[in-house]
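Enquirer: Below: one structure in structure tokens.
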């Protein structure tokens, strides 16, 4: 081939073929790849899990379109979008469930300590576990606790109100005869900076009429400390004679 032939410009037909090939990229594949990248937002909040779900749907739709039309290109983009969407969705959900399990485990340890104080006849110390971590007196400093209730009239009123609770009085009266077991979760609620878990427990004891059991629900709140770094737990509510959600019949 001569140098003149090599330098000869492309014909109009060749340019048209290149243009057609360029326009044959599957647009849905491009959108799927973008959605796959945006799926990283799912790591921020469960409400954004819909982003990778949409990305998966777009990727599958793009792959189907490419399989039906061999003139289109973009398979790599569709596969990349699918992989990214699946990766971020699985990572976000696994992280959320792991964090929830860890927090529930922490809350259940607080509940166990709380019930043990009531069973051992120490409702004043148990009441301290209902106060915010920033103002709570160390449970091993009984002198400071009694001084608190002598000098702080509001704290004394709150203690009296707490001791009037029927379920608290019942657990203190039963003492070690009360066998308390975790039954299950009644859900959770999130605030701007707090997380509350609702946990149900069974309380079983022997009476003259035989063995009896009733349910108790604890509300366990995890809130940030203001005086120091980190978070603290407290019991915000205790209800006796409740009916667990698992017992509720569907509408």
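Values quoted throughout were computed directly from the atomic coordinates according to the rules given, and no laboratory measurement underlies them. Keep in mind it's a predicted model, so treat the numbers as computed, not measured. Cβ: placed from backbone, ideal geometry, glycine included. Neighbour counts: every protein chain shown.
Enquirer: Over the alpha-carbon set of the stretch 33-109, work out the extent along each principal axis and list the three values in angstrom, largest first.
Expert: Sorted from largest, the Cα extents of the stretch 33-109 read 62, 16, 15 Å.
Enquirer: Next up: Between the stretch 185-218 and the stretch 21-83, what is the C-alpha centre distance in whole Å?
Expert: Taking the Cα centre of each part, the stretch 185-218 and the stretch 21-83 sit 46 Å apart.
Enquirer: Sticking with this one: Could you rank the peptides 158-169, 108-119 by their average count of other C-beta atoms within 10 Å per residue, with the highest value first?
Expert: By packing density, highest mean first, the sequence is 108-119, 158-169.
Enquirer: Could you check which residue among 35, 155, 67 shows the biggest mean-square fluctuation in a GNM of the chain with a 10 Å Cα cutoff?
Expert: The residue that fluctuates most here is 67.
Enquirer: Only Cα pairs within less than 10 Å get springs; with that Gaussian network setup on the chain, which residue of 106, 122, 208 has the largest fluctuation?
Expert: With Cα springs under 10 Å in the chain, the top fluctuation among 106, 122, 208 is at 208.
Enquirer: Explain nothing, just the number: relative contact order of the stretch 105-161, from Cα pairs under 8 Å at least 6 residues apart, as a whole percent.
Expert: 19
Enquirer: When the distances between all Cα atoms of the chain are binned every 5 Å from zero, what whole-number percent does each bin get?
Expert: 1, 5, 9, 10, 10, 9, 8, 7, 6, 6, 5, 4, 4, 3, 3, 2, 2, 1, 1, 1, 1, 0, 0
Enquirer: For the stretch 154-251, what does the relative contact order come out to in percent, with C-alpha contacts under 8 Å and a separation of six or more?
Expert: 20
Enquirer: Based on the alpha-carbon gyration tensor of the stretch 38-82 and its eigenvalue square roots a ≥ b ≥ c, which shape applies: rounded if a/c is under 1.5, prolate if not and a/b is larger than b/c, or oblate?
Expert: Cα axes put the stretch 38-82 in the prolate bin.
Enquirer: Give, in whole angstrom and from largest to smallest, the semi-axes √(5λ) of the equivalent ellipsoid of the stretch 48-169, with λ running over the eigenvalues of the Cα gyration tensor.
Expert: So the three semi-axes of the stretch 48-169 are 60, 13, 12 Å.
Enquirer: Shape of the stretch 174-251 from its Cα gyration tensor (a ≥ b ≥ c, root eigenvalues): rounded if a/c is under 1.5, otherwise prolate when a/b > b/c, or oblate?
Expert: The shape class here is oblate.
Enquirer: I need the calculated FRET efficiency for the pair residue 106 and residue 44, taking r as the beta carbon distance and R₀ as 30 Å, to the nearest 0.05.
Expert: E between residue 106 and residue 44, to the nearest 0.05, is 0.85.
Enquirer: For every helix of n ≥ 4 consecutive DSSP H residues, a contribution of -39,500 (n - 2.57) applies; sum these over the chain, divide by its total residues, and give [θ] at 222 nm rounded to the nearest 500 deg cm²/dmol.
Expert: Mean residue ellipticity, 222 nm, calculated: -16500 deg cm²/dmol.
Enquirer: To continue, here is another question. For the stretch 122-251, count all C-alpha to C-alpha pairs, find those more than 17 Å apart, and express that count as a whole percent of the total. It would help to have the intermediate numbers written out before the result.
Expert: Working: 5498 of 8385 pairs.
Taking all Cα-Cα pairs of the stretch 122-251, the fraction more than 17 Å apart is 66 percent.
Enquirer: A further question on this structure: Could you calculate the contour length gain from residue 91 to residue 75, that is, 0.36 nm times the residue separation minus the distance between their Cα atoms, to one decimal place in nm?
Expert: Difference between extended and current length: 3.3 nm.
Enquirer: Before anything else, pin down the relative contact order of the chain: Cα pairs under 8 Å, at least 6 apart, normalised by residue count, whole percent.
Expert: 13
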